[in-house]
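The values are calculated or read from the model by the stated rules, or taken from the named source; none is laboratory data. All figures in this text were calculated on a predicted structure; none of them were measured in a lab. Using ideal geometry, Cβ is built from the backbone for each residue, glycine included, and neighbour counts are taken over all protein chains shown. For accessibility, only protein heavy atoms count, side chains too; no ligands or nucleic acids. Shrake-Rupley method; radii C 1.70, N 1.55, O 1.52, S 1.80 Å.
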Amino acid sequence: MTERAGTASAFAGFPEQALEFYDGLQADNTKAYWTDHRAIYEQAVKAPLEALLAALESEFGHAKLFRPYRDVRFSKDKTPYKTAAAAAAGDDGPGVLYLQLSADGLLLAGGAYSLATDQARRLRAAIADDRTGRALLRVLAPVRAAGFEIDGERLKRLPKEFEPDAPRADLLTLKTLVAVQHHEPAPWLHGSQALDRIGAAWRALGPLNAWLASHVGPPRVVRQPGR
C-alpha cells in the first residue's frame, strides 16, 4: 500500500466528490484538469481508499493502492491518467481481492485475473478432475449467490484433450478465473456502511481464492542453463 497519510480518520465512505472527480476526468483527461483538481483526488479519493484498506488489513492482509498514472509508453492511447482508482490485496498468489472506484460506481472482484501458461493448464486440469472440479462448483455457488458473475479470459475453443460433452465444459476454455460484482452509485457508497459491504464481498471470495491456491498455485519458473 502507499504511504498512509490519509488514514488518521476512520473510513466514512467515499464522498460524492470522488465520483464527480472521475466524471470530470473522463471528459477532460489532461494534466491541466489533474493539476486543478489534485486536492480533490487527494482528499476525496486517495485518503478514503487508504483509510478503507487500513480498516480491512487485519482481516485481508496488506493491500496495494495503484498509481493514478497510466503507462503510455507502448499504448496508442496517450491519455495520462487512469479513470478509476484501484487497489488489490493478496497479490502473492493466484487469487487476489480487488476493488475499483470510478464515475460508474464501485467494482469488487477476486480470483485469478492473470495466469502463466502452466497455471492456466493446472486450472483446466483441476476443473476437469471430478473431485476438484466438483469442489469448484460448490465454491462458486455461494459466490454467485452473493451477486458475483463468474468469468475470465478464454481460449477460442475447447482444448483438444477435452470432449465437447465433458463435465464443466463451459469452464474448460478458461485461461483465468475471476468473480466480479458491480455496484452503481448509491447512497450507501458515501457512508461507513460501505466498509461492511466491501468486507462481506471480499469475505465471500475467500473460498474461491483458497481453491485457486490449492489447485493452481504459483507459476513454475524454468531456470535457463547457466543461470
Exercise for review: Determine whether T173 is within 23 Å of G206 (Cβ to Cβ), of a type in the set (S, T, N, Q) and open to solvent by less than 50 Å² (accessible area, probe 1.4 Å).
Suggested key: no
Revision key, fill the gap. A112 passes all but one of the listed conditions (1) under 21 Å from E16 (Cβ atoms); (2) open to solvent by less than 40 Å² (accessible area, probe 1.4 Å); the exception is number (1)
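Hey, can you tell me all the residues within region 80-135 that are of a type outside the set (D, E) and part of a loop (DSSP other than H, G, I, E, B)? Give the steps one after another, and end with the answer.
At the first step, the residues of region 80-135 found to be of a type outside the set (D, E) are 80-90, 93-103, 105-117, 119-128, 131-135.
Selection gives P80, K82, T83, G90, G93, P94, G95, A103, Y113, S114, L115, A116.
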Study note, to complete from the structure: Across (1) over 20 Å from A186 (Cα atoms); (2) surrounded by 15 or more Cβ atoms within 10 Å (Cβ to Cβ), S102 clears everything bar (1)
Point to revise | Where a residue in region 53-65 is in contact (Cβ under 8 Å) with a residue 24 or more places away in the chain and surrounded by fewer than 17 Cβ atoms within 10 Å (Cβ to Cβ) and its partner, wherever it lies, is not in a loop (DSSP other than H, G, I, E, B) and not hydrophobic (A, V, I, L, M, F, W, C), with Cβ under 8 Å and at least six apart | key: E59/G199; E59/R203
Practice item. Answer yes if at least one residue in region 202-222 is part of a loop (DSSP other than H, G, I, E, B) and in contact with a Lys or Arg (Cβ under 8 Å, 6 or more places away or on another chain), and no otherwise. Key: yes
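Of the residues L137, L123, only one is buried (at least 18 other Cβ atoms within 10 Å of the Cβ) and either touching a strand residue (DSSP E or B) at 6+ places or on another chain (Cβ under 6 Å) or not β-branched (V, I, T) (or both); which? Even if it seems obvious, please write down each step before you answer.
On the way: L137 fails: buried (at least 18 other Cβ atoms within 10 Å of the Cβ).
Just a single option satisfies the conditions, and that option is L123.
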Practice item. Can you tell me which residue within region 173-187, out of those that are of a type outside the set (D, E) and either assigned to a loop (DSSP other than H, G, I, E, B) or free of Cβ contacts under 8 Å to residues at least 40 places away in the same chain (or both), is farthest from E163 (Cα to Cα)? Key: P187
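Taking P142 as the residue in question, decide whether it is assigned to a loop (DSSP other than H, G, I, E, B), surrounded by fewer than 19 Cβ atoms within 10 Å (Cβ to Cβ) and not aromatic (F, W, Y). Working first, answer last.
On the way: assigned to a loop (DSSP other than H, G, I, E, B): no; surrounded by fewer than 19 Cβ atoms within 10 Å (Cβ to Cβ): yes; not aromatic (F, W, Y): yes.
Judged against the criteria, P142 is not a match.
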